[in-house]
Each structure stands twice: as structure tokens, then as C-alpha cells.
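Note sheet for the following structure.
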Amino acid sequence: MKIVLADDSRVMRQIVIRTLRQAGFTGHEILEAENGREAVELVQREAPDLVLSDWNMPEMNGIDALNALRNSGSNVPFGFVTSEGSDEMRQRATLAGAAFLIAKPFTPEAFQEALSGLAV
Amino acid sequence: MTTTEFATTPEDLQMFVSEVWANHVAQVDELVPAPPHTWTATAGPAVPCWSGAVSVTGRWQGMIAVDLAGGSAEALARGMLALDETEEVDPVELSDVVGEFANIVGGNVKSLMPGPSTLSLPLVAHNVLEPPSGLHPQVTLDLAWRDAPVRVRVLALPSPTQ
């Protein structure tokens, strides 16, 4: 499986990759993006099976990236991994078409639960 | 409305900080309450530290700032980067770690406040970040990890009635 991982923090991208591994999701190809615009470009070029994205990023944030993807006709499964896990943010994510929102700090179990509903 | 009437409690803040520490630094029980440390922007070499801050703008307006002495910042970085104690921590990655620490604690504090509001990207300095003069301390947590100070502050605009 091919996964686009968008976060402006390189350290957080490393943590997410390590946590995915701890959650049992191994052997996947991870394509890293530093912001939403890079994530959108990667989705259009690489046709991944899943996007994991931070919300708050420079240049283009995660919700704008999701809106851009949906407006372009992409239905790629999209999940947020963000420090903002309020009900309001979860509602905004769901309305925009996100499959889930994992709040930081997270555990491997949070990834197992979120990804269990997807065909990954 | 931009007021301090919506308050974070010390218990909330302690929980957020402890969760981050527990996730990344194994010895969470070693992050303990400590007497207030003297942090100054003009500190000499005796107090090297890293600071990170995020601001929240909207119905609630404020700033969440973290200050870490060198030892505690490096411990958090080693945990987040999965490095052992003999490996050097790259200053660029250390800055990234401090920014993420501020972002995670700040995002969780924001989630307790009434919205809508927006969280800023983190600002990081290898020194103490002084908040804008209009912001007042709402909650301050003074902690230490193996005697290395850690401070977490929530600052907010004062209520019009205060």
C-alpha cells in the first residue's frame, strides 16, 4: 500500500511512521510531504491508497488540501493526525470528507482503530 | 469575545504534558512538580534553554508556551527521535521537537476553549520567549525532569470585566 504522509514537522513524520510500524502496518510505501500543497501534488502524481495529514501546516493546511482533493474528484481515503481533537474539528473533518481524526499525542492503538475501518 | 473567563486548569495542563512525556520519554514519573525556576531572556550560559509557543486567535485568545532546560529538551528529543543516550541530538531536530511539544500541548488546550479559533504554527527559540505584553499568565506549571527545569504556561487576554 502507498501512503502519503503530510506534516511540516520531520520529527512528527518519523513518529507517525514508527507508530504505524508498532501498530502492525509494515511494508508500506510512505511518501512524505511537508505541507498540504505537496500532499495534493503527491496524490495526483502517485495515486496513493491513503493520506495521513496534519491539520496545521504552512503554505496549505490539511483541511484545504482535503477540499482541493475532493474538488478535483479524488476520493482517496484521508485521515487527520493533529494536535486539535475537539468536537468542532472532528465535525469539520467529517464534513469535508475525512475518514478519521487521530489526536496527538497518539498511541499505536489509535492507528489500529482508525485504520481498521479502511481496506488497508 | 476575548477573555480569560474560559480557563485551563493546572490539572488539564499537567495531563497534556504528562501524556506527551509518557509517549516519548519512558520515565514519566520523573517529570515532577518543582519550585519556579528563574527563566530570563538574557540568561547566561548557566541556563541554556529552548522555548516554543503557539498562539490561539478567535473566541478565546491566548498563547501556550513551553520552556525546557537543555537536559529536558534533549531527553524529549531523544524520546521522540528514538535515539539512545549516547547519540547527539541535531539542533535542527531539537528545534522541531520543541515546536511539536508546544503544538501538541497548545492544540489540546485550544480544544478545551470555546471556538471557533485558530492555532498558529509554533515559534521556537533557543532562549526564553517573552509573551506579548497584553497577555496575562492564566496557568503556569513548573516541573523538572532529573533536575532539568520544564515550564508550561497558558497566557490569555484579560477579561473586559477584570
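Worth a mention:
- Residue list for the stretch A:82-97, restricted to those being surrounded by fewer than 19 Cβ atoms within 10 Å (Cβ to Cβ) and among the hydrophobic types (A, V, I, L, M, F, W, C): A:95, A:96
- In the stretch B:78-87, the count of residues that are at the interface with chain A (Cβ under 9 Å from one of its Cβ atoms), over 18 Å from residue B:156 (Cβ atoms) and under 17 Å from the mean Cα position of the chain (by Cα) is one or more.
- Within the stretch A:7-18, residues that are more than 7 Å from chain B (Cβ to nearest Cβ) have Cβ atoms under 7 Å from residues that are acidic (Asp, Glu) and surrounded by fewer than 22 Cβ atoms within 10 Å (Cβ to Cβ) in these pairs: A:8/A:34; A:13/A:32, counting only partners at least 6 apart in sequence or on another chain.
- Failed condition for residue A:60, given (1) modelled with pLDDT of 95 or more; (2) more than 14 Å from chain B (Cβ to nearest Cβ); (3) out of contact with any Ser or Thr (no Cβ under 9 Å at 6 or more places or on another chain); (4) surrounded by fewer than 21 Cβ atoms within 10 Å (Cβ to Cβ): (2)
- Where residue B:102 falls short, out of the listed (1) surrounded by fewer than 22 Cβ atoms within 10 Å (Cβ to Cβ); (2) within 16 Å of residue A:56 (Cα to Cα): (1)
- For residue B:150: the one exception among (1) more than 14 Å from every other protein chain (Cβ to nearest Cβ); (2) surrounded by fewer than 17 Cβ atoms within 10 Å (Cβ to Cβ): (2)
- Applying a threshold of 7 Å to beta carbon distances and a minimum spacing of six or more residues, or different chains, the list of pairs starting in the stretch A:83-102 at a residue that is within 10 Å of chain B (Cβ to nearest Cβ) and at negative phi and ending at one that is small (Gly, Ala, Ser) and part of a loop (DSSP other than H, G, I, E, B) reads A:86/B:115; A:88/B:115.
- Restricted to the stretch B:56-77, and to residues there that are surrounded by fewer than 24 Cβ atoms within 10 Å (Cβ to Cβ) and not hydrophobic (A, V, I, L, M, F, W, C), the residue that is farthest from residue B:126 (Cα to Cα) is B:59.
- Set side by side, the residues A:40, A:51 differ, and just one is part of a strand (DSSP E or B), farther than 18 Å from residue B:108 by Cβ and not polar (S, T, N, Q), which is A:51.
- Taking strands (runs of 3 or more DSSP E) as the structural unit, those lying wholly within the stretch B:7-122 and holding at least 2 residues that are among the β-branched types (Val, Ile, Thr) and modelled with pLDDT of 95 or more correspond to B:49-58, B:62-69.
- Filter pass, residue A:11 being outside any loop (DSSP other than H, G, I, E, B) and under 24 Å from residue B:13 (Cα atoms): yes
- Enumeration of residues in the stretch A:20-34 that are surrounded by fewer than 20 Cβ atoms within 10 Å (Cβ to Cβ) and in a helix (DSSP H, G or I): A:21, A:22
- Some residue of the stretch B:81-90 being in contact with a strand residue (DSSP E or B) (Cβ under 8 Å, 6 or more places away or on another chain), over 25 Å from residue B:11 (Cβ atoms), surrounded by 16 or more Cβ atoms within 10 Å (Cβ to Cβ) and of a type outside the set (Val, Ile, Thr): no
- Each residue in the stretch A:54-83 was checked for being part of a loop (DSSP other than H, G, I, E, B) and among the β-branched types (Val, Ile, Thr), and 1 of them qualify.
- Taken together, the criteria exclude residue B:84 from residues that are in contact (Cβ under 8 Å) with a residue 40 or more places away in the chain and acidic (Asp, Glu).
- Check on residue A:105, under 26 Å from residue B:110 (Cα atoms) and buried (at least 17 other Cβ atoms within 10 Å of the Cβ): yes
The values are calculated or read from the model by the stated rules, or taken from the named source; none is laboratory data. Keep in mind that what you see is a predicted model, and the values were worked out from it rather than measured. Positions of Cβ are backbone-derived with ideal geometry, glycine not excepted, and every protein chain shown enters the neighbour counts.
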